[in-house]
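A short worksheet on the structure shown next.
Each reported figure results from applying straightforward, stated rules to the coordinates on display, with no laboratory input. Just so it is clear, the model here is predicted, and its values are computed rather than measured. Neighbour counts run over all protein chains shown; Cβ positions are idealised from the backbone, glycine included.
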Amino acid sequence: MEALLHCAGIVKGYGVGSKRVEVLRGLDLQVARGEMISIVGASGVGKTTLLHLLALLDRPESGAYAFSGRDMLALPEEGADAFRRRRLGYVFQNYRLLPEFTALENVAMPLRIRGERPAQAEKRAEAALCELGMESRLRHRPAELSGGEQQRAAVARALVNDPDLLLADEPTGNLDPANGERLMDLLCAARKRRGLTVVLASHNERLAQRCDRVLRMEGGALRRGGTSEAALADARGGAKF
């Protein structure tokens, strides 16, 4: 399968001297176009650091990162901004919705920022919210939404620009088990419908098993974390979702 992103020898740490903490130590990662992978591991092991590097929100100290064959680490900051606006969606664990705006306005915001006309931006935002079952909550502000609804709005915001790559950082971490399952259902359906490539970081290994591959982060590197439910379903001749 064609690789969408490829990382090799990624090194990242924080601090200096005796206070330095090595987080990523020569990490390698390759993700095929259309693949959905999960990265599991304990809190603080480096999952968020890796997602920030993939989103160009931070830069590694050494190593290589290519996206669609392009050297991402050679991009200037304006090029990184364009990448995030047009090809990337990012789902945060704590939603990061602006409290003074409605769900519709929050989801339309990335399109407005990149210069899309208000009416068109709201039309696309409404379609993204309806895709995630939020058609009755368009005009509600975050404080009027449940945790599960806020996270669905955050997913809609990440999808509204039709990204090639969706990064999701502990997207079910603040949700109860039922809402966590529902959100995974929606992510899997959106991935299949849109042909998305998804990298999901999670400490919930049961939900992570629904991805095509499970990778475990330990000691600043990634290793195979076992055969996922999706891979087993494919081996039996039928996809799970």
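Work out how much length VAL11 to HIS203 would gain on full extension: take 0.36 nm times their residue separation and subtract the Cα-Cα distance, in nm to one decimal. Intermediate values should be presented prior to the final figure.
Working: separation 192, 0.36 × 192 = 69.12 nm, distance 2.22 nm.
Here the answer is 66.9 nm.
Other residues within the sphere of radius under 15 Å centred on the Cβ of ASN161, judged by their own Cβ, net out at +4 (K and R +1, D and E -1).
Which FRET efficiency value, to the nearest 0.05, do you get for GLU100 and GLN120 by plugging their Cβ-Cβ distance into 1/(1 + (r/R0)^6) with R0 = 22 Å?
Values: r = 22 Å, r/R0 = 1.02.
Calculated transfer efficiency: 0.50.
Estimated from the Cβ-Cβ distance and a Förster radius of 41 angstrom, the FRET efficiency linking SER146 and ALA32 is about 0.70.
Taken along the Cα-to-beta-carbon direction at a fixed 7 Å, the label points for ALA178 and GLU22 span 4.7 nm. Computed packing ranks the peptides 207-214, 40-47, 19-26 as 207-214, 40-47, 19-26, most packed first, by mean other Cβ atoms within 10 Å.
With each run of n ≥ 4 DSSP H residues scored as -39500 (n - 2.57), what mean residue ellipticity at 222 nm is computed for the chain after dividing by its residue count and rounding to the nearest 500 deg cm²/dmol?
Numbers: 8 runs with 86 residues, N = 241.
Calculated from helices alone, the mean residue ellipticity at 222 nm is -10500 deg cm²/dmol.
In the set (1) 1.26; (2) 1.19; (3) 1.01, the label that goes with Cα Rg over 2.2 N^0.38 Å computed for this structure is (3).
Gain on full extension, evaluated as 0.36 nm per residue between ARG194 and LEU57 minus their Cα-Cα distance, stands at 46.9 nm. Distance from the C-alpha centroid of segment 130-155 to that of segment 1-80: 31 Å, rounded to the whole angstrom.
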